[in-house]
Amino acid sequence: MVQKDKALEIPEVDCEPSPSPVSGEACEEAPVPVEESDIGVELTGHRKFICGVVEGFYGRPWTMEQRKELFRRQQKWGLSTYLYAPKDDCKHRMFWRELYSVEEADQLMTLIGAAKEYGTEFIYAISPGLDITFSNQKEVAALKRKLDQVSHFGCKSFALLFDDIEHNMCPADKEVFSSFAHAQVSITNEIYQYLGEPETFLFCPTEYCGTFCYPNVSQSPYLHTVGEKLLLGIEVLWTGPKVVSKDISVESIEEVSKIIRRAPVIWDNIHANDYDQKRLFLGPYKGRSTELIPRLKGVLTNPNCEFESNFVAIHTLATWYKSNMNGVRKDVVMTDGEDSTVSIQIKLENEGSDEELETDMLYSPQLALKLALTEWLEDFVQPHQYNSRQVSQSGAQSTAIDVSSMAAPSLCSSTTDTTVFQQPIMSKSSTALAEVEKKDSDEEPMEMVVEKLDEPEAEADPEEKQVDKENDQLKQDLFVHGLNETSLFTAEPLTLEDLSLLAELFYLPYEHGPKAMQMLKEFNWLRANSSVVSVNCKRKETEKVVEWQLRAEKFEEMCSSVIQMFTRLSNSANRTILYDLYSYIWDIKSIISMIKSFVQWLGCRSQSSAQFLREDQEPWAFRGGLAGEFQRLLPIDGANDLFFQPPPSMPTSKIYSIRPYFPKDETAIYQICKEMYSEGMEDVPVSDDSDLIGDRLVGGLLTLSSDYGFVLEDDEGICGYALGTVDVQPFVNTCKLNWIPFMQEKYLKPDCEKDLTEAEKMMLSFHEEEEGLPDSFLSNFPSLIKVDIHAKVTDPSVAKSMMGCLLSSLKANGSLGAFCQVRETDKRMLDFYSKLGCFEVAKMEGFPKDVLIMGRSL
């Protein structure tokens, strides 16, 4: 654990400090030496172009090892800049006045040294805007002292950020400055001159995008003041027309450049995902013409919070920049050696795609994406886990995360290695992206979402020691298996097609990839035309039925490809990448599995009266990305608890499937009923060959209401069921006529004069008149449901998926609510249904005795 040390005192010296050498934490790959004078300089003609990555998101900052890996990749791909600005590093933003402790200082010096070794310009950003008093000289002195400290670490480039703060001044500042812009410009100019006018000094205005400018960009008094008063050696950060800009046009950049009197540096949020915990962006750098490059001072991408998910975002930015870095068309080399050189041949590959044709003849996003994915695929087969102990920054407590449960058992060894790594865990800032005022009715992608949730931290065992993994041993740890899974010796390797599908499922904020759009289009069509295959369609048109079935089959194949991708990726050797992607691929796999099951039900069981919501919203404007869009297309779109399916703590490739019930499944379902009913009992109430328990619990539903039945399967067979009837009143009447008489004949009425066994009580129930539930209750909860899974199923998400399929089928055919009946003594089922969103309904006159009624509104 990190101890909070006293702040490092800075000696007052005039000589230029030399940074501490990089410690043994340096990356294994030897960096290429770079002359200090050339660091960060990318020349376009005779001018410097800032291009690289900004770590500027809300959420857990990257680890030191991840940052060093970033520097290595940037050097390899021709990018030159790293802007340190994690919003949840409390000493960057919330507690900006506090100096770094000795231990924190050592971390930063090591990081700055690593950046220089890899030829990356390290820009340190500080964000004092939350509470600084601009007119207070003590505040200005505190800011200077903090930057003096960082300067002594070896940092020579800085940024002053005033983003995401209230647009007003305190009374003391109002007496000194004529406007908020004057106050910011004044302190920025003073700090810039105090630091000796460094070659790179960035300023982020409060009005940092078009929608934040009042009344607009060209008439903004704030921007005009920045342009007139900010010293010309200071660069201005700009995100484009919006916080997350779909497109940044040449015209918009020329407009803002004229107002601020300099070319801006783009802080690009096109791949940022800190505003929605369900979205990830793996699409290419897009919507920015290469004609922008001569009109900009630089581009810094602020990518996904999950470090390993940013391969495509950073790689395609490098491709975009190099395609016109000198204003001429050229091939782009993105790899190290001559043997592995890949040249981009500039041409369009949009044939057969729903995606817009690109008009930029120097850069094709589709080709850039393919190039990035091809190189990324090589990383997936390299066994790797971060295993160096990361010390937290900013005085916050760090937590050691034991990933022993995630480490794979060696396929060639009986021993299991334990790897422990630490994430820097910062104190969470009370401010978030959502605090920014919106001045435009046009929807940003984050305007439809909630703030990205904090991830729970795991407590470390203080006695636990670091166990280093050797590369040779890592290469043996090829796969991680879930509980009760067998070793996947014949697991199929991840393919380029898998990665392409992954990228298209998690594409960009304002658009899904072509395959994802095709899946949405097909599912919409299948829903809208399901009446042609409904069970009560009187005049079926053969051609339309065949068309529906063929398109449904094609759609199911697309769903299967998503599930296959999930399985292969879960078996990939590089666990580091998997950990960053796993919650997202788990989420999309879960919803796609549910959608696939629902389409299967539509094709054989739906009624022609099936109803769906009809709303016309752009798919990218809905919370949760593609998974959220599919959720919205299901009849139970508002049942968020059923769609919230957290991934298991240990990545697993175990796959369950849900499909409609068929008569051949009856025996397996009866066996589950018997085993689960008898669980925990010393004596099984019936003989092994008896159908009594199955007949009593589910027989009527299987026989008379099979249209609303689903089964859960794994590789060993059926392991769960979800059954129901859309309207229990006619179902009960039908049972009395067509089911109960057969049961009375099959099971003779026992002698009630003696004490009855459990089996005899069940038999007696077929001979007793069952009380009907009151109409006042059934008007709100007309549908009866029964759901259960075998004890061997340890994944809690599959029960939610089954319930989702069942309730979707019921609601599609008009149900307003569903209920289940549970014995008061059956604690397992009471807990089971409670976790599926059912609540205990208050006792009403007419309710049966010794039975609890649990309901759920639809």
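The residue pairs whose first member lies in segment 828-857 and is touching a residue at least 24 places away in the same chain (Cβ under 8 Å), whose second member is acidic (Asp, Glu), and whose beta carbons are closer than 6 Å, counting only pairs six or more residues apart or on different chains, are 837/641; 848/771; 850/824; 852/824; 852/840; 854/840. Selection of segment 484-509 for residues being open to solvent by 20 Å² or more (accessible area, probe 1.4 Å), within 28 Å of residue 247 (Cα to Cα) and either modelled with pLDDT under 95 or polar (S, T, N, Q) (or both) yields only 500.
Those helices (runs of 4 or more DSSP H) of segment 755-816 in which at least 1 residues are modelled with pLDDT of 90 or more, open to solvent by less than 20 Å² (accessible area, probe 1.4 Å) and closer than 30 Å to residue 590 by Cβ, considering only elements entirely within it, cover 797-812. Every condition in (1) at pLDDT 95 or above; (2) farther than 22 Å from residue 158 by Cα; (3) out of contact with any Asp or Glu (no Cβ under 8 Å at 6 or more places or on another chain); (4) not in a loop (DSSP other than H, G, I, E, B) is met by residue 266 except one, and the failing one is (2).
Could you run through segment 699-745 and say how many residues are in a helix (DSSP H, G or I) and among the charged types (D, E, K, R)? Final tally of qualifying residues: 3.
Regarding residue 173, is this residue among the charged types (D, E, K, R) and either open to solvent by 10 Å² or more (accessible area, probe 1.4 Å) or at pLDDT 95 or above (or both)? Show your work before the answer.
Numbers: among the charged types (D, E, K, R): yes; either open to solvent by 10 Å² or more (accessible area, probe 1.4 Å) or at pLDDT 95 or above (or both): no.
For residue 173, the condition - among the charged types (D, E, K, R) and either open to solvent by 10 Å² or more (accessible area, probe 1.4 Å) or at pLDDT 95 or above (or both) - is not met.
The residue of segment 356-385 that is modelled with the highest pLDDT, among those that are touching a Ser or Thr at 6+ places or on another chain (Cβ under 8 Å), open to solvent by less than 30 Å² (accessible area, probe 1.4 Å) and over 30 Å from residue 291 (Cβ atoms), is 380.
Test residue 108 against the criterion of being farther than 21 Å from residue 237 by Cβ and buried (at least 22 other Cβ atoms within 10 Å of the Cβ), and give yes or no. Taking the combined requirement at face value, the residue satisfies it. Restricting attention to segment 128-164, the residues that are within 18 Å of residue 83 (Cβ to Cβ), open to solvent by 20 Å² or more (accessible area, probe 1.4 Å) and in a loop (DSSP other than H, G, I, E, B) add up to 1. Inside segment 739-754, residues that are open to solvent by less than 80 Å² (accessible area, probe 1.4 Å) and modelled with pLDDT of 90 or more make up a count of 6. Residues that are of a type in the set (D, E, K, R) and touching a strand residue (DSSP E or B) at 6+ places or on another chain (Cβ under 8 Å) within segment 157-174 comprise just one, 163.
Condition (residue is open to solvent by less than 60 Å² (accessible area, probe 1.4 Å) and modelled with pLDDT under 90) applied to segment 534-542: is it met by at least one residue? Quick ask: steps written out before the conclusion?
Restricting attention to segment 534-542, the residues satisfying the condition of being open to solvent by less than 60 Å² (accessible area, probe 1.4 Å) are 534, 537.
Checking which are modelled with pLDDT under 90 leaves us with 534, 537.
The answer is yes, given that some residue of segment 534-542 is open to solvent by less than 60 Å² (accessible area, probe 1.4 Å) and modelled with pLDDT under 90.
The values are calculated or read from the model by the stated rules, or taken from the named source; none is laboratory data. Every value quoted in this text rests on a predicted model; they were computed, and no experiment measured them. As a convention, Cβ positions derive from the backbone with ideal geometry for all residues, glycine included, and neighbour counts pool all protein chains shown. Side chains are part of the model used for accessible areas, which takes the heavy atoms of the whole protein and leaves out ligands, DNA and RNA. Shrake-Rupley method; radii C 1.70, N 1.55, O 1.52, S 1.80 Å.
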